[in-house]
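Heads up: the structure comes next, in structure tokens.
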Amino acid sequence: MLFFRGENIAMSEVIGFELRGRLAIITIDNPPVNALGLEVRQGLISQVDRASWDEKVAAIVLIGLGRTFTAGADIREFDKPVQEPHLLSIIDHWDTIEKPIIAAIHGTALGGGLELALGCHFRVAVQAAMFGTPEVKLGIFPGAAGTQRLPRVAGLEHALELIVLGEPISAMKAFQYGIVDQIIEGDLLDGAISFAEKILEEKMPRRVSSQPKQGIGSPDDFKDIIQKYRDLASRKMRGQDSPHQALASVVDGLEMPYEQAVLKDRERFPICKDSDQSKALRYAFFAEREASKIPGVGKNISARAITNGGVIGLGTMGQGIVMCFANAGIPVQVLESSQEALENGIKNIQQNYQGMVDRGRISDQEMVNCLDLISTSTDYSTVADSDLIIEAVFENLELKKDIFSKLDSVVKKGAVLATNTSYMDINQIASVTSRPEDVIGLHFFVPAQVMKMLEVVRTKYSSNEAIATGMGLAKIFKKVGGVAGVSHGFVANRSRAPMVREANFLVEEGASPAQIDKVLRDFGMPMGVLAVSDMSGLDVSWRMRKSLAHLHDDEERYPYLADRLCEMGRLGRKTGSGWYTYGEGGTVPIPDPQVDIIAQEVAIETGIERRQISDSEIADRCLFAAVNEGAKILEEGIAYRASDIDIMWQYGFGFPRWRGGIMYHADKTGLPNVLQKVEEFYSVHGKLWKPSELLKNLVASGSSFTQG
Ligand code: T1G
Ligand code: NAD
């Protein structure tokens, strides 16, 4: 590696150099997030070397311009050949620089950003800064010695917490962990300069984070901690390799010297980076950001301010939505049809918060603050001044229309009126108001205060501002927003429904619910599809089938067994049995031989031939039914991008992120293979499997859903 001498300085567009007294101030200026791309790495080497050779410089302060210190390596470079200088070479080189280097951190020091900070000899930060090594979420691990340096700086347990789980921590916590030397109040650069002067005056020795060079302990000494994080990784990121690779890298550093462990990491890293899982996770990273780019809603369209919210209906969903407002610190007015319903709903919310306090997730005071933000009433005039109102009453079109016309007559102009309906036609709901442009769908997933997805439904009337406000609300609620058009079930539920349908049919044909669910869990889904149906209640779809019976096409296969279970009072968990049995108040699905007997009866009555069904047929039918529907959704313009469907599956249904998403998975499988299966099932099972035109066209043109 060639480092620059003082007299031979390459200028850098992205790295600034300024002399202030005896300090060199080196700035990273690579918007939007100061990612450590090639140019930044080259600039860092040349400018820090320049400072190290300049006799006027006694110490170096490294700071990020704009919104952040640095968000780490440039993820877009991962698909290109690696170009020197590698971040690791820079960091290792800084160990040998005699002048103290101080990292001054605001915004985020993530991944390579934190590793860069660890390569500095001291770190100061503003209180709002965040620190972390999110690499495992990209299918990799901290590849610039973070797995070796962080344990030396923060201790093994804290390092494993960051490296294996990938969640960021606050500056305060980083200070407690020894990652940050001082929290700066007021201006960061001024604070960092004072800190640098202090260490020069006190002749404080530089702290080199690769020290001690020998391994830092025997894995046996840390057996329990290592096992704890291995178990946590297996539970929280089931099926994902990267947390285990990250853990293995840290463990290597216990037993071998720094240089050797780092060499081993250099072999391990490209294997992780080039794995299918990492590619899928990187796809998911960008897909999530792409979802916020909405046609017609450019930077010139602002979201309306939401200083107070309203919720109509305090049932299962209303309670969760009210908690979302309260958790975000936004006062919320709740409206119900009776005092009793209000009291019941508030009691559940209180219990929910109390549970969070008991688990140490929030403090007593935070619970009180949240509850104080919630007001209740049965009088519509109380929501007159709300900026955004979300209706979450029973799934009944006439009721919803009635509520929207009442809202229209009392609520101030400019408020956004939203419905949380799962299936109703929001165009019809909007059209009963005098301001259909302000009406949108805000489809939350159950439990609303937990699930990260928010599907924002754009009707044919919705204004761009109303959509921007819905997407803005997703951010305020710390959720991921994605836009859908009006269609039965919009994007998320509509694309998932065929998976449920096929699971139901497969039981009629001879598979057991446990077999089907195991196949899907083994694929990576958090729960089997039939166990989820039992949890939600089988009566929800039963009621819908009955209400839409007049539209049923006799050429389409009908789920008789699902109806039969409901007719027998087997509505799922709440009645103690459904596709499984639960025992009194139980939540664990227990296989029930009775279901097999009922399925045999239904099969005889409806002329279905029962047979042994292979796991691969179960996977193909459940997954490709959803893919085919996803393709129809795209073809009809109900979703803008295949990646939006993927994001909804990840954050709405827990689809394994390391598989990218249902549409990405189809691409990986190869669309010709998918189409072949869809056509085969079409010929056997009929109309419901009619292949999507888009799918056929993509196969014909050799393209894919997600790569264009
Ligand atoms: N590389 C490339 N682009 C990035 C990026 C990155 N690291 N981080 C963000 N962007 C883009 C993003 O796609 C978006 O682009 C824009 O910046 C704003 O991002 C060696 C190998 C920092 C918390 O995983 O978590 O270091 O859509 O919308 O909500 O061991 O971005 O506008 O075109 O998300 O304010 C590890 C990833 C890398 C951090 C800011 N680092 N970034 O959130 O803005 S691997 C990460 C984030 C690594 C080392 C290893 C977030 C953020 P566009 P945004 P935000
Ligand atoms: P729920 O039956 O638990 O609650 C509905 C609430 O609305 C009840 O508390 C009821 O008293 C109240 N209500 C009825 N009429 C009212 C009126 N005129 N004024 C005020 N309040 C009234 O239902 P839920 O599961 O919370 O579903 C609510 C909506 O959310 C439905 O449209 C549903 O499709 C949708 N949704 C449900 C889920 C889910 O999984 N439960 C998920 C996403 C969306």
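The values are calculated or read from the model by the stated rules, or taken from the named source; none is laboratory data. What you are looking at is a predicted structure, and each value in this text was computed from that prediction instead of being measured. Methodologically, a virtual Cβ is constructed for each residue, glycine included, from the backbone with ideal geometry; neighbour enumeration extends over all protein chains shown. Ligands, DNA and RNA are excluded from the accessible area calculation, which covers all protein heavy atoms including side chains. Shrake-Rupley method; radii C 1.70, N 1.55, O 1.52, S 1.80 Å.
List the helices (runs of 4 or more DSSP H) that sit entirely inside region 315-430 and contain at least 3 residues that are β-branched (V, I, T).
Qualifying helices (runs of 4 or more DSSP H): 316-327, 339-358.
Among the conditions (1) open to solvent by 30 Å² or more (accessible area, probe 1.4 Å); (2) within 16 Å of ligand 1 (Cβ to nearest atom); (3) touching a residue at least 12 places away in the same chain (Cβ under 8 Å); (4) in a helix (DSSP H, G or I), the only one that R282 does not satisfy is (1). For region 65-84, the set of residues classified as touching a Pro at 6+ places or on another chain (Cβ under 6 Å) and open to solvent by 70 Å² or more (accessible area, probe 1.4 Å) is empty. The residues on offer are I90, I140, and the sole one that is within 11 Å of ligand 1 (Cβ to nearest atom), assigned to a helix (DSSP H, G or I), hydrophobic (A, V, I, L, M, F, W, C) and open to solvent by less than 40 Å² (accessible area, probe 1.4 Å) is I90. Of all the criteria given as (1) modelled with pLDDT of 95 or more; (2) open to solvent by 10 Å² or more (accessible area, probe 1.4 Å); (3) under 33 Å from the mean Cα position of the chain (by Cα), the one not satisfied by F222 is (1). Taking L548, is it among the hydrophobic types (A, V, I, L, M, F, W, C) and touching a residue at least 40 places away in the same chain (Cβ under 8 Å)? Against the criterion (among the hydrophobic types (A, V, I, L, M, F, W, C) and touching a residue at least 40 places away in the same chain (Cβ under 8 Å)), L548 does not qualify. Pairs linking a residue in region 65-79 that is at negative phi to a residue that is near ligand 1 (Cβ under 6 Å from one of its atoms) and open to solvent by 30 Å² or more (accessible area, probe 1.4 Å), with Cβ atoms under 6 Å and 6 or more positions apart or on different chains, are T68/V33; T68/T108; A71/V33; A71/T108; A71/L110. For region 439-456, state whether one or more residues are open to solvent by less than 10 Å² (accessible area, probe 1.4 Å), assigned to a helix (DSSP H, G or I) and not small (G, A, S). No, there is no match, as no residue in region 439-456 is open to solvent by less than 10 Å² (accessible area, probe 1.4 Å), assigned to a helix (DSSP H, G or I) and not small (G, A, S). Out of R494, R543, R564, one residue alone is within 30 Å of F325 (Cβ to Cβ) and open to solvent by 50 Å² or more (accessible area, probe 1.4 Å). It is R543. Checking each residue in region 587-617 for being touching a residue at least 12 places away in the same chain (Cβ under 8 Å) and small (G, A, S) picks out A599, A603. Test G482 against the criterion of being open to solvent by 10 Å² or more (accessible area, probe 1.4 Å), more than 30 Å from T606 (Cβ to Cβ) and of a type outside the set (S, T, Y), and give yes or no. It is false that G482 is open to solvent by 10 Å² or more (accessible area, probe 1.4 Å), more than 30 Å from T606 (Cβ to Cβ) and of a type outside the set (S, T, Y).
Answer yes or no: is there a residue in region 403-414 that is exposed (fewer than 15 other Cβ atoms within 10 Å of the Cβ), over 30 Å from S547 (Cα atoms) and in contact with an Asp or Glu (Cβ under 7 Å, 6 or more places away or on another chain). Among the residues of region 403-414, at least one is exposed (fewer than 15 other Cβ atoms within 10 Å of the Cβ), over 30 Å from S547 (Cα atoms) and in contact with an Asp or Glu (Cβ under 7 Å, 6 or more places away or on another chain), which makes the answer yes.
Per this entry, T378 is not counted among residues that are free of Cβ contacts under 8 Å to residues at least 60 places away in the same chain and open to solvent by less than 40 Å² (accessible area, probe 1.4 Å).
Residue-level analysis places E398 among those that are without any contact (Cβ under 8 Å) to a residue 12 or more places away in the chain and under 28 Å from Y423 (Cα atoms). Residue count for region 312-369, restricted to those that are out of contact with any strand residue (DSSP E or B) (no Cβ under 9 Å at 6 or more places or on another chain) and acidic (D, E): 4. In region 153-163 there is at least one residue that is without any contact (Cβ under 8 Å) to a residue 40 or more places away in the chain and open to solvent by 40 Å² or more (accessible area, probe 1.4 Å). Take region 405-438 and flag every residue that is within 23 Å of A492 (Cα to Cα), touching a residue at least 60 places away in the same chain (Cβ under 8 Å) and away from ligand 2 (no atom under 14 Å from the Cβ). Within region 405-438, just V416 meets the criteria. The set of residues in region 97-117 that are of a type in the set (G, A, S) and buried (at least 24 other Cβ atoms within 10 Å of the Cβ) comprises A103, A104, A109, G111, G112, G113, A117. Kindly establish whether E197 is open to solvent by 80 Å² or more (accessible area, probe 1.4 Å) and at pLDDT 95 or above. So E197 does not fit the description; no. Residues in region 567-592 that are surrounded by fewer than 16 Cβ atoms within 10 Å (Cβ to Cβ), in contact with a helix residue (DSSP H, G or I) (Cβ under 6 Å, 6 or more places away or on another chain) and outside any loop (DSSP other than H, G, I, E, B): there are none.
So which of V674, V684, V678 ends up being in the same structural domain as R521 (by TED's automatic domain parsing), open to solvent by 10 Å² or more (accessible area, probe 1.4 Å) and in a helix (DSSP H, G or I)?
Values: V674 fails: open to solvent by 10 Å² or more (accessible area, probe 1.4 Å); V678 fails: open to solvent by 10 Å² or more (accessible area, probe 1.4 Å).
Going through V674, V684, V678 in turn, the sole match is V684.
If I filter region 121-132 for residues that are away from ligand 1 (no atom under 13 Å from the Cβ), in the same structural domain as I226 (by TED's automatic domain parsing) and among the small types (G, A, S), do I get at least one hit?
Yes, some residue in region 121-132 is away from ligand 1 (no atom under 13 Å from the Cβ), in the same structural domain as I226 (by TED's automatic domain parsing) and among the small types (G, A, S).
R266 meets all of the listed conditions (1) within 16 Å of ligand 2 (Cβ to nearest atom); (2) in a helix (DSSP H, G or I); (3) surrounded by fewer than 19 Cβ atoms within 10 Å (Cβ to Cβ) but one, namely (1). Of all residues in region 444-465, those that are under 17 Å from T433 (Cα atoms) have Cβ atoms under 8 Å from Cβ atoms of residues that are among the hydroxyl-bearing types (S, T, Y), 6 or more apart or on another chain, in Y461/S431. Total residues in region 303-312 satisfying the condition of being more than 16 Å from ligand 1 (Cβ to nearest atom) and either surrounded by fewer than 24 Cβ atoms within 10 Å (Cβ to Cβ) or farther than 24 Å from K401 by Cβ (or both): the figure is 5.
Any residue in region 348-359 that is open to solvent by 90 Å² or more (accessible area, probe 1.4 Å), more than 28 Å from L417 (Cβ to Cβ) and over 25 Å from the mean Cα position of the chain (by Cα)? Scanning region 348-359 turns up at least one residue that is open to solvent by 90 Å² or more (accessible area, probe 1.4 Å), more than 28 Å from L417 (Cβ to Cβ) and over 25 Å from the mean Cα position of the chain (by Cα).
When you look at G112, is it closer than 22 Å to K198 by Cβ, within 15 Å of ligand 1 (Cβ to nearest atom) and touching a Ser or Thr at 6+ places or on another chain (Cβ under 8 Å), yes or no? Steps first, answer last, please.
Numbers: closer than 22 Å to K198 by Cβ: no; within 15 Å of ligand 1 (Cβ to nearest atom): yes; touching a Ser or Thr at 6+ places or on another chain (Cβ under 8 Å): yes.
For G112, the condition - closer than 22 Å to K198 by Cβ, within 15 Å of ligand 1 (Cβ to nearest atom) and touching a Ser or Thr at 6+ places or on another chain (Cβ under 8 Å) - is not met.
Taking I321 as the residue in question, decide whether it is under 15 Å from D372 (Cα atoms) and surrounded by 18 or more Cβ atoms within 10 Å (Cβ to Cβ). No; evaluated as a whole, the condition is false for this residue.
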